[in-house]
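Everything on this sheet refers to the single structure shown next.
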Amino acid sequence: MARITREYVKSLPKAELHMHLEGSLEPELMFKLAERNKIRLNYSSVAGIKQAYRFTDLQSFLNIYYQGAQVLCTANDFYDLTTAYLQRCKDEGIDHVEPFFDPQTHLQRGVSLEAQLDGIVNALSDAGSRWGISYGLILSILRHIPAEEGMKVYEMARPHIGEFIGIGLDSSERNNPPRKFAQIYEAARADGLRVVAHAGEEGPPSYVWEALQSLHVQRIDHGVRALEDGKLVDYLVDRQVPLTVCPNSNISLKVYDKMADHPILRMLEQGLNVSINSDDPAYFGGYLIDNFMAVDRALGMSRKEAALLARNSITASFVDPERKAHLLARLPMRDIQN
Ligand code: ADE
Ligand code: ZN
């Protein structure tokens, strides 16, 4: 079996579909923005920050992640954050991105939606013209906040609807089932947006069913716990519902004890439409190619598997059909048919 290398993964046409912009805030940029905005951090050094990144579950991570996001105050900050991520994408040969951002995290601190969008959208547009990276931005609703508040944010976003490709649902999954957000999703679908949701990361398979049946999502973010329900697996395979899986995240947040236990390659083998994604790269030890290489180290990844995962990232994306066909045509068919 021909194993992958970083260069091989870099050469594949690929999309990243599950990445939170706030989760790409590297400690160095966190310090720089804290200084720029005169914000006191709880850490005295980059090493001190990295020391704090030892998580026991999703909530222990979210507490630190929301704290870190407090340094993002101006359009300029969002521009720098997004540009730093897109620079990584260029370096890793990523052709298309559909990042999430969490407006509520910043609205709570008095940072307007307009400032957030100004920075993010300009950075995406500049990366598009500079590096040829295509994109679709996903507005994510925080599920630990009441759905009525989420609806208000959605209403606030409506005048800017042209800036988004879709909506998502993230944050603390346990005890926050998807059905609570059905009204927001109905409005978004009526407005012509694409719809995705985190489900089956820490939450049970029933949350994946709910995301599909109450929210009518087109992709599931994570979804690894779907494996506990055979009927659900059959449903996902039959309909080729994409699952955006994040291996390093699952290990950092103790969904699995170690990468050798991760089911990503078994899921691919079962015919599930899985792709590899970085989730919160600054917090979970690496960007997209790092995730491929971590799986390879623990489980061994063939070129064929990597090419199939890259193909799934493109077929599952919301990129326009013409570009989708162009990206798919760049896949190494020799490796796929091997
Ligand atoms: N927000 C950022 N990363 C997340 C994750 N892995 N799960 C839920 N919400 C998140
Ligand atoms: Zn996520």
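Observations on the structure shown:
- Tally, over the range 30-56, of residues that are more than 20 Å from Phe101 (Cβ to Cβ), surrounded by fewer than 18 Cβ atoms within 10 Å (Cβ to Cβ) and β-branched (Val, Ile, Thr): 2
- Close pairs from the range 159-188: first within 17 Å of Leu113 (Cα to Cα) and among the aromatic types (Phe, Trp, Tyr), partner within 16 Å of ligand 1 (Cβ to nearest atom) and modelled with pLDDT of 95 or more, Cβ under 9 Å, at least 6 apart: Phe164/Leu137; Phe164/Ile138; Phe164/Leu139
- Qualifying position, being modelled with pLDDT of 95 or more and either surrounded by 14 or more Cβ atoms within 10 Å (Cβ to Cβ) or within 30 Å of Asp95 (Cβ to Cβ) (or both), among Pro177, Pro146: Pro177
- Matching residues in the range 195-209 - criterion: being closer than 18 Å to Met151 by Cβ and more than 13 Å from ligand 2 (Cβ to nearest atom): Val195
- Looking only at residues of the range 167-194 that are closer than 16 Å to Leu243 by Cβ and part of a strand (DSSP E or B), we find that the one that is farthest from ligand 2 (Cβ to nearest atom) is Arg194.
- Count - residues of the range 209-240 that are crowded, with 20+ Cβ neighbours inside 10 Å, touching a helix residue (DSSP H, G or I) at 6+ places or on another chain (Cβ under 7 Å) and on the phi > 0 side of the Ramachandran plot: 1
- Restricting attention to the range 247-281 and to residues that are over 19 Å from Asp57 (Cβ atoms) and part of a helix (DSSP H, G or I), the residue that is nearest to ligand 1 (Cβ to nearest atom) turns out to be Ile264.
- From the options Thr244, Thr315, residue that is under 22 Å from Val195 (Cβ atoms), within 16 Å of ligand 2 (Cβ to nearest atom), among the polar types (S, T, N, Q) and in contact with a Lys or Arg (Cβ under 9 Å, 6 or more places away or on another chain): Thr244
- Contact map, the range 15-38: residues that are under 21 Å from Asn291 (Cα atoms) and among the small types (Gly, Ala, Ser) paired with residues that are part of a helix (DSSP H, G or I) and within 16 Å of ligand 2 (Cβ to nearest atom), Cβ distance under 6 Å, separation 6+ or inter-chain. Pairs shown: Ala15/Ser313; Ser24/Tyr85.
- Within the range 195-221, tally of residues that are assigned to a loop (DSSP other than H, G, I, E, B) and polar (S, T, N, Q): 2
- Restricting Ala182, Ala197 to those that are surrounded by fewer than 18 Cβ atoms within 10 Å (Cβ to Cβ), small (Gly, Ala, Ser) and at pLDDT 95 or above reduces the list to Ala182.
- Glu35 modelled with pLDDT of 95 or more and either β-branched (Val, Ile, Thr) or under 20 Å from Tyr85 (Cα atoms) (or both): no
- For Asp221, the test of being within 16 Å of ligand 2 (Cβ to nearest atom) and either at pLDDT 95 or above or closer than 24 Å to Thr82 by Cβ (or both) is passed.
- If the condition is being away from ligand 2 (no atom under 16 Å from the Cβ) and under 21 Å from Arg194 (Cβ atoms), then the range 224-237 contributes Tyr235, Leu236.
- Some residue of the range 57-67 being under 18 Å from Cys246 (Cβ atoms), of a type in the set (S, T, N, Q) and out of contact with any Asp or Glu (no Cβ under 8 Å at 6 or more places or on another chain): yes
The values are calculated or read from the model by the stated rules, or taken from the named source; none is laboratory data. All values derive from a computational prediction rather than experimental measurement. Cβ coordinates were reconstructed from backbone atoms using ideal geometry, including for glycine residues, and neighbour counts include every protein chain displayed.
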